[in-house]
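> For reference, the structure I am asking about is given below.
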Amino acid sequence: MAATQKHRTIAVASALGADALLFRRMETRERLSQPFEFHLDLFSENPGIKFTDVLGQPMVVRLNLPKEERVRYFHGLVSEFRQIRGHGRYAVYQATMQPWLWFLSRTADCRIYQNVNVPHIVQSIFREHGFGDFQVRLTESYPPREYCVQYRETTLDFVNRLLEEEGIYYYFKHEQDKHVLVLADSIVAHEPFPGYGEVAYLPPEMHERRHVEHIHDWELTQRVQPGAYAHTDFDFQVPRKNLYRRLEMPRHHAQDHYEIYDYPGEYTESEPGQTYARVRLEELRAQYEIAEGRADARGLATGRLFSLAHFPRQDQNRQYLLTATTIRLDSDDYESRPEGQPAGLLCDCQFTALDAREPYRPPRMTPKAIVRGPQTATVVGPKGQEIWTDRHGRVKCQFHWDRYGESNENSSCWIRVSQPWAGKNWGGISIPRIGQEVIVDFLEGDPDRPLITGRVYNGANMPPYPLPAGAVISGMKTNTTGKITYQENKAPSQAAAVRESAGSYRYSLQVGDDADHSYRLICDVPPPYIGGQPTDRVDADSPSSTLVAGGGVAWEPVSPANANRFIKPLAGQSLEQIMEGVRGLVKPAAAQGGGPGYNEICMDDTAGNELMRMHAQYDKDSTVNNDERSQVGNDLTRSVANNETVSIGNDETLAVGNNSSESIGNDKIVTVGNNSSESIGQNKVITAGTSITLKCGASLIHMNQAGVITISGSLITVAGSVNINVAAPVTTVTGAALMTTTGAINLVNGTITRVTGSALGHFEGGKAELVSTSETLVMGPVVKINS
């Protein structure tokens, strides 16, 4: 006749069907915040059970309780199955039952969680793996974690570690067809097992009451624990914030004053810091007083409450929380026992308990995963951007190990970037751009605390100079990028402005405050790069000038060159959408990934041909608050394609050791506010193709290319210390009112000399002579000669 467990005190049921496996013996080990283990010895009349029919399948043990015909279940999933030597006519198997939670130790991952708290992370993991048998009985609130990483650790370790850090623990409730994990953080998540709210203590010598379930061994131990906990952290956004937090809860005995101090506390606000200090101290206090005992009570279960009764020390007769149990259950044999072999012990329970008034916190036993050295990652950001950063110069990265990230702005937290200098509004800065490979280190090896320490080239991003031929070249070369900035403008006609630069081109979008809320596109250069012809509308169907704003914008040219355009938005379009559309008008300039231009500082150390080169793609600004000195050993060449303006606040000195040459293609204007002096050691030649004019007030000297020289002024004095020669085929000297010629000896010589006064001709002297070798003629209506 086949064996049956129907009327037995202890029975097992499995996926193989009723009585396919028979219960012989079980030892259970349960502890708060740990997966349980149930080890079973099983009989079967089938010696050829297929292991895969059992492995991973549910199994449950039923234990009848002596009180009120109650039943206790031990439910789990088979994690191990073994066949050993048979017993009589039975095949013997051994099975290990564990909770569904344990199977998370069979999987490991690398994964990033952002801006969610630990209970949310844990529940999402349970559900993703198909486990829904859990209850959340938490009383405290838990702040979201900005950045939380599972890195090369099993999912079970990750869950345990997070719960331990927050002070959350768990235990299991067992039912006939399932076991339920309970997340807890206070005593309100616990209750006694039905019928076992109070368990009496009976010493071993009281044999007359052995039929009553009881505790027969009881030990209470107290251990010295620290009486204070302190920790601190650092918030780079508020560097001077005091995050030091300390909490004292001494036990009032000798040597209770010791303190645990730790860093980092992994918080950036005072309130979480104080909460974590309390949790850490409660974790230590939970190990201060521990009760250990042994009983035959079948309803003592980990995570349950019970009250001790009838213990000789009255102060120990109080309520306790069972933190760990080890239970051994034995069943009678299914066949006759050899002569003299004793019957098995039905139930033996060893337990550890904590005063229920003392908050329980799980010990932090699960080590945090460590990143054992730097890694590289790729800088990422939103689609269509080339640089994505925040006010601190941080960037986001896609780690090579992250299979869930989508290489966008959500792939990581903001990560700080090491710079050459970092002072208060001074230092050096270079923001990693999207697509660059960066070196990421981790503070104290913590995957939750990444820090970018450098950048490296790769096959997609090669060095700017050919190697190895250019190995002697050092320098820095940038790549032109397109950027958009938004700024408020308080001018009445401009409510806001958007400016974008791409390559060598710049354009801005000004927002008017008119009734139509029109936009005006302003271009810095003529628009050969702007696509489209003047039409009423440019929309997504136009291949030459697509506006990617999910519709389009109406626009009209306001100049023949189309350098300025008014743009009116369609209904519901935002400023960002309008600017996105404007970028569609710019053909080469708006191409992502940077323009063809670059800025560069290059040093070529080739022996005999050393070179230092600087290239500015657009503007260069240089400010020297004091002196600037520049020394050139040989030649200096400067070429300015457009205008050059030099403004000197004080003096200018120019010394040329040899020759100086100046060539001006058009006009030259020199303005001197005060005096101008010029000293020439030898000769000076001034040549003008058309004319030269010297003018000072009413005085003027003018000469032209025809040889005509005009001297004009209210008074003209010509003085020669030795001689003045005025020679010409015809010389005319005219004084409209008076002409005076004065000299110690005044000679007027000529083949024909004529002195004419239309009104009066007057010759006067101490001695006046008119001498002629041939003829002297004095004429006039009246000629008077006096001596």
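The values are calculated or read from the model by the stated rules, or taken from the named source; none is laboratory data. Keep in mind that what you see is a predicted model, and the values were worked out from it rather than measured. When we count neighbours, we look across all protein chains shown, and the Cβ atoms used for this are built from the backbone with ideal geometry, even at glycine.
> Counting only residues that are under 33 Å from the mean Cα position of the chain (by Cα) and either in a loop (DSSP other than H, G, I, E, B) or closer than 17 Å to W414 by Cβ (or both), how many does segment 347-386 have?
Selection size over segment 347-386: 21.
> Would you tally the residues in segment 587-608 being modelled with pLDDT under 50, in contact with a Lys or Arg (Cβ under 6 Å, 6 or more places away or on another chain) and among the charged types (D, E, K, R)?
Total satisfying the criteria: 0.
> Looking at segment 51-79, which of the residues that are of a type in the set (S, T, Y) and in contact with a strand residue (DSSP E or B) (Cβ under 6 Å, 6 or more places away or on another chain) is surrounded by the fewest Cβ atoms within 10 Å (Cβ to Cβ)? Give the derivation first.
As a first pass, look at segment 51-79 and keep what is of a type in the set (S, T, Y): 52, 73, 79.
If we keep only those that are in contact with a strand residue (DSSP E or B) (Cβ under 6 Å, 6 or more places away or on another chain) as well, we get 73, 79.
Details: Y73: 16, S79: 19.
Looking at the filtered set, the residue picked out is Y73.
> Let me ask something else. Starting from segment 1-17, keep only residues that are closer than 20 Å to E175 by Cβ, then list their pairs with residues that are at pLDDT 90 or above and of a type in the set (V, I, T) whose Cβ atoms are within a distance under 6 Å, requiring at least 6 positions of separation or different chains.
Taking only residues 6 or more apart or on different chains, the pairs are V12/V61; A13/V60.
> Go through (1) surrounded by 14 or more Cβ atoms within 10 Å (Cβ to Cβ); (2) under 21 Å from the mean Cα position of the chain (by Cα) one by one and return the number of the condition D330 breaks.
Of (1) surrounded by 14 or more Cβ atoms within 10 Å (Cβ to Cβ); (2) under 21 Å from the mean Cα position of the chain (by Cα), only one is false for D330: (2).
> Okay, moving on. May I ask you to say which residue of P119, P58 is farther than 19 Å from C347 by Cα and in contact with a Gly (Cβ under 9 Å, 6 or more places away or on another chain)?
The unique qualifying residue is P58.
> While we're on this one: Quickly run through segment 670-704 and pick out the residues that are surrounded by 10 or more Cβ atoms within 10 Å (Cβ to Cβ), among the hydroxyl-bearing types (S, T, Y) and in contact (Cβ under 8 Å) with a residue 12 or more places away in the chain. Step through it out loud before you land on a result.
In the first step, residues of segment 670-704 are kept if they are surrounded by 10 or more Cβ atoms within 10 Å (Cβ to Cβ); the result is 688, 691-695, 699-704.
Going one step further and asking which of them are among the hydroxyl-bearing types (S, T, Y), we end up with 691, 693, 699.
Residues satisfying the conditions are S691, S699.
> How many residues are touching a Ser or Thr at 6+ places or on another chain (Cβ under 6 Å) and of a type outside the set (A, V, I, L, M, F, W, C) when one looks only at segment 433-466?
The total comes to 3.
> When you go through H216, H190 one by one, which is the residue that is in contact with a Pro (Cβ under 7 Å, 6 or more places away or on another chain), on the phi < 0 side of the Ramachandran plot and not small (G, A, S)?
Numbers: H190 fails: in contact with a Pro (Cβ under 7 Å, 6 or more places away or on another chain).
Criteria check complete, one pass: H216.
> Moving on. What pairs come out if I take residues in segment 475-486 that are modelled with pLDDT under 80 and pair them with residues that are of a type in the set (D, E) and surrounded by 15 or more Cβ atoms within 10 Å (Cβ to Cβ) whose C-beta lies under 7 Å away, six or more apart or interchain?
Listed pairs, sorted by first residue: T481/E386; G482/E386; G482/E500; K483/E500; I484/E500.
> Out of I686, I716, report the one residue that is modelled with pLDDT under 90 and either over 28 Å from S661 (Cα atoms) or touching a Gly at 6+ places or on another chain (Cβ under 9 Å) (or both).
I716
> Among the residues of segment 128-143, which ones are over 23 Å from Y360 (Cα atoms) and out of contact with any strand residue (DSSP E or B) (no Cβ under 9 Å at 6 or more places or on another chain)?
Correct list: E128, H129, G130, G132.
> What are the residues in segment 151-196 that are part of a loop (DSSP other than H, G, I, E, B), more than 42 Å from the chain's Cα centre (by Cα) and not polar (S, T, N, Q), if any?
Answer for segment 151-196, where residues must be part of a loop (DSSP other than H, G, I, E, B), more than 42 Å from the chain's Cα centre (by Cα) and not polar (S, T, N, Q): E175, D177, K178, H190, E191, F193, P194, G195, Y196.
> Now a separate question. Taking segment 354-412, which residues are under 30 Å from I187 (Cβ atoms) and of a type in the set (F, W, Y)?
Result: Y360, single match.
> Follow-up. Check whether at least one residue in segment 18-41 is in a loop (DSSP other than H, G, I, E, B), surrounded by 15 or more Cβ atoms within 10 Å (Cβ to Cβ) and among the acidic types (D, E), and report yes or no.
Yes; the residues of segment 18-41 include at least one that is in a loop (DSSP other than H, G, I, E, B), surrounded by 15 or more Cβ atoms within 10 Å (Cβ to Cβ) and among the acidic types (D, E).
> What is the number of the single condition among (1) touching a helix residue (DSSP H, G or I) at 6+ places or on another chain (Cβ under 8 Å); (2) touching a residue at least 60 places away in the same chain (Cβ under 8 Å); (3) part of a strand (DSSP E or B) that R62 does not meet?
(1)
> Which one is surrounded by the fewest Cβ atoms within 10 Å (Cβ to Cβ) among residues in segment 228-278 that are in a strand (DSSP E or B) and among the hydroxyl-bearing types (S, T, Y)?
That would be Y261.
> Looking only at residues in segment 387-406 that are part of a loop (DSSP other than H, G, I, E, B), closer than 24 Å to P420 by Cα and not polar (S, T, N, Q), which one is farthest from the chain's Cα centre (by Cα)?
Residue satisfying both the conditions and the ranking: I387.
> When only residues in segment 404-442 that are among the aliphatic types (A, V, I, L, M), touching a residue at least 12 places away in the same chain (Cβ under 8 Å) and surrounded by 13 or more Cβ atoms within 10 Å (Cβ to Cβ) count, which is nearest to V379 (Cα to Cα)?
I434
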